[in-house]
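Structure first, commentary second.
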Amino acid sequence: MCSIVIILVVIAVLGHFQSVTGAENCTIHAKGNSKFPDNFSFGVATSAYQIEGAWNADGKGPSIWDEYTHKHPDRIKDKSNGDIAAESYHHFDLDLKALKDLKVDHYRFSIAWTRIFPNGCVSSRNQKGIDYYNSVINKLLENGIEPMVTMYHWDLPAELQKFGGFTNSLIVEQFLMYADELFESFGDRVKTWITFNEPNQVCKFGYGTGSVAPMVELPGVGDYLCYTNLLKAHGATYRLYRSKFFEKQQGKIGITLDSIYGVSKTNNNVDVDRAMQYTLGLLAHPIFSKSGGFPPLLVKDVQKNSFAEGRKKSRLPNLDEYWKALIRGSADFLGINYYTSKYVKRSTDLMGESPSMARDYNVEETFDPKWLVAKSEWLHCYPEGLEGLLKFIRDEYDNVEVKITENGWSDEGELVDENRVLYFKSHIQAVLNAIHDGSNISSYSAWSLVDNFEWNKGYTEKFGLYSVNMKSHKKERIPKKSAHYYRKVIETRTIPNEDFV
Ligand code: PNW
């Protein structure tokens, strides 16, 4: 009798545990056949500041992230920084071995501007930095791995911040000179370029709320200036590549945008569209829509609020006809970083402070408690969101070529990372479903190759397929269960069960 009661209690507790973890909701139905097209490219992604370490080696100059973490360690959860990180600068061979073991088709990494031009400017050109990336690119190609290069993943040369960074339009020509050097030095071998990673994070948090480097707190003003200058720098870089390098180098050039998918509990498409225009559309509309320029909805909102604040013109800078035309069509593909979705609902109260992007947007964002949550509190598993986002892009932007440039899951760093396997399984399935639905998706990059410096969260939230032995100077890479799983995906080009071993 007693043992029956105990068994019932155990079953009840386990049942409860199941429903609160939400693992059973981190799934999606499969549509169509289970095989990826032969030319679909699988890879992994990293970024320079998060993995390289060697922050001042071989002539590298300081970036805004070096300055921020050194001057404000209290801003980082474990007071850490990227000074050493996974030390990929000294141990690229370990990364290469992991990439080979995974059998990836491509590797997405970023170049640190401060290794190429230590103070941001062409006059400070640093040959050793160029040599380092030449060696990375050559080793990848020798092993049949295609390099996919991000030119800017948040690590602005500190010197350029003295001029206001992305709030100053001078950034456009500075970035162009940097881009010119990259095309000149590496463009004979690099055929896939990404100008910027996640302008939303750069502008909204770097120059709006000021919650990350360079800590500029100018909500509703600095953020919009940043978006505008960044879009100009992107567009001008695309035009430079097409006019000066394309004929010889024949590469593709795009931009990576991060986006949630907005879900409406009441099927309110107006709310969903508002959410999508403020997250994805802010950058995608100027580049990928037929009409160009900022999304009309945003232009209207910000102008209305600006006038109500007593201003004579909108806080959202005007893209004149010259820039509108230059930016429109300035990408061969759209890079998408998708992690999570949110419920969205137009707020009846005024959101955020005045002025701010939150006030202009005025949407309440919430999560479903049923969605499995990662170590990162903002990250919930909702694979239908990725499918929904890809469908939105297909219909809104004329079925542009999409590269999924990041998608991943954080935890404490355990080697048997069941939830990361579930997350990859369901999200890779979402990509395949979208392909069956006619989306033009050519590649998928898992974030991330190795555990690394997770910005304000330091090393407390781990995204790697490989763990890094941070205590050893050798920084050994140790594969997690998800690495074995992903290798199986790549080998079979299908979506194996999570209990594949
Ligand atoms: C990306 N969000 O940033 C970055 O490109 C990576 O460098 C980073 O390590 C990775 O995602 C994981 O955070 C994001 O709040 C940060 O929705 C936050 C969000 C999305 C992307």
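On the basis of the beta-carbon distance and an R0 of 51 Å, D398 and A57 show a calculated FRET efficiency of 0.70.
Dipole magnitude of segment 25-492 about its Cα centre, charges +1 at Lys/Arg Cβ and -1 at Asp/Glu Cβ only, in debye to the nearest 20?
Result for segment 25-492 is approximately 380 debye, rounded to the nearest 20.
In a DSSP loop and with at most 15 other Cβ atoms within 10 Å, the trypsin sites (Lys or Arg not before Pro) in segment 90-142 are K103, R125.
Figure legend: label point modelled 7 angstrom from the Cα of T21 along Cα→Cβ; residues of segment 382-422 with amide N under 13 Å from it are 416-422. Packing, taken as the mean count of other beta carbons within 10 Å per residue, orders the peptides 332-345, 268-281 from highest to lowest as 332-345, 268-281. Hey, with R₀ at 60 Å, roughly what FRET efficiency would H29 and A308 work out to, going by the Cβ-Cβ distance, to 0.05? Plugging the Cβ-Cβ distance into 1/(1 + (r/R0)^6) gives 0.80. In the P(r) worked out for segment 388-444, what percent of Cα pairs fall beyond 13 Å? Looking at segment 388-444, the distances longer than 13 Å represent 62 percent of pairs.
One quarter of the surface of the convex hull around the alpha-carbon atoms of segment 290-390 equals 8.9 nm², the direction-averaged projected area. Only helical runs count toward this figure. For the chain, summing -39,500 (n - 2.57) over DSSP H runs of n ≥ 4 and dividing by all residues gives -11500 deg cm²/dmol at 222 nm. When the trypsin sites (Lys or Arg not before Pro) in segment 285-322 are filtered for DSSP coil states and for at most 15 other beta-carbon atoms within 10 Å of their beta-carbon, the remaining sites are K290, R311, K312, K313. Which FRET efficiency value, to the nearest 0.05, do you get for E353 and N440 by plugging their Cβ-Cβ distance into 1/(1 + (r/R0)^6) with R0 = 51 Å? Efficiency at R0 = 51 Å is approximately 0.80. Once Rg and the Kirkwood radius are both taken over the C-alpha atoms of segment 368-501, their ratio Rg/Rh works out to 0.99. Across segment 72-88, rounded Karplus estimates of 3J(HN,Hα) from the backbone phi angles (6.51 cos²θ - 1.76 cosθ + 1.60, θ = phi - 60°) give 10, x, 5, 6, 9, 3, 9, 6, 9, 7, x, 3, 10, 6, 7, 6, 4 Hz, Gly and Pro being marked x. So which of K375/K462; K103/K480; K79/K462; K232/K300; K60/K471 end up more than 19 Å apart, counting from Cα to Cα? Too far apart for the 19 Å limit: K232/K300; K60/K471.
Note on segment 341-418: percent of Cα-Cα distances in each 10 Å bin, starting at 0 and stopping at the bin with the largest distance, equals 15, 30, 37, 16, 2.
Answer rounded, prolate or oblate for segment 51-153, using the Cα gyration tensor with square roots of eigenvalues a ≥ b ≥ c: rounded when a/c is under 1.5, else prolate when a/b is larger than b/c, else oblate. Because a/c hits 1.5 or more and a/b fails to exceed b/c, segment 51-153 counts as oblate. The length gained on full extension between K391 and N456, counted as 0.36 nm times the residue separation minus their Cα-Cα distance, comes to 20.2 nm. If each Cα of segment 271-326 is one equal point scatterer, what is log10 of I(q)/I(0) from the Debye formula at q = 0.27 Å⁻¹? The Cα Debye sum returns log10 ratios of -1.07. Under 5 Å between amide hydrogens, built in the peptide plane, is the criterion, and for V402 it picks out L334, N440, I441, S442 among residues at least 5 positions away or on other chains.
Is the C-alpha gyration tensor of segment 198-355 telling us rounded, prolate or oblate? Criteria: a/c under 1.5 is rounded; beyond that, a/b larger than b/c is prolate, otherwise oblate. Judged from the Cα gyration tensor, segment 198-355 comes out prolate (a/c at least 1.5, a/b above b/c).
For segment 367-432, the list of chymotrypsin sites (Phe, Trp or Tyr not before Pro) that fall in a loop by DSSP and count at most 13 other C-beta atoms within 10 angstrom reads W378.
Estimated at 0.36 nm per residue, the fully extended path between N318 and N269 surpasses their Cα-Cα distance by 14.9 nm. Paramagnetic label reach from E67 (point 7 Å along Cα→Cβ; backbone nitrogen cut-off under 11 Å): within segment 430-460, no residues.
The alpha carbons of the chain give a radius of gyration and a Dmax of 22.4, 83 Å, in that order.
The share of C-alpha pairs in segment 179-237 whose separation exceeds 13 Å stands at 63 percent.
Once you have a ≥ b ≥ c as the square roots of the Cα gyration tensor eigenvalues for segment 320-362, tell me rounded if a/c is under 1.5, and otherwise prolate or oblate according to whether a/b is larger than b/c. Oblate.
Computed from the coordinates by the stated procedures, all read-outs in this text should not be read as laboratory data. None of the values given here were measured: they were computed from a predicted structure. Every residue, glycine among them, receives a Cβ derived from its backbone with ideal geometry; neighbour counts consider all protein chains shown.
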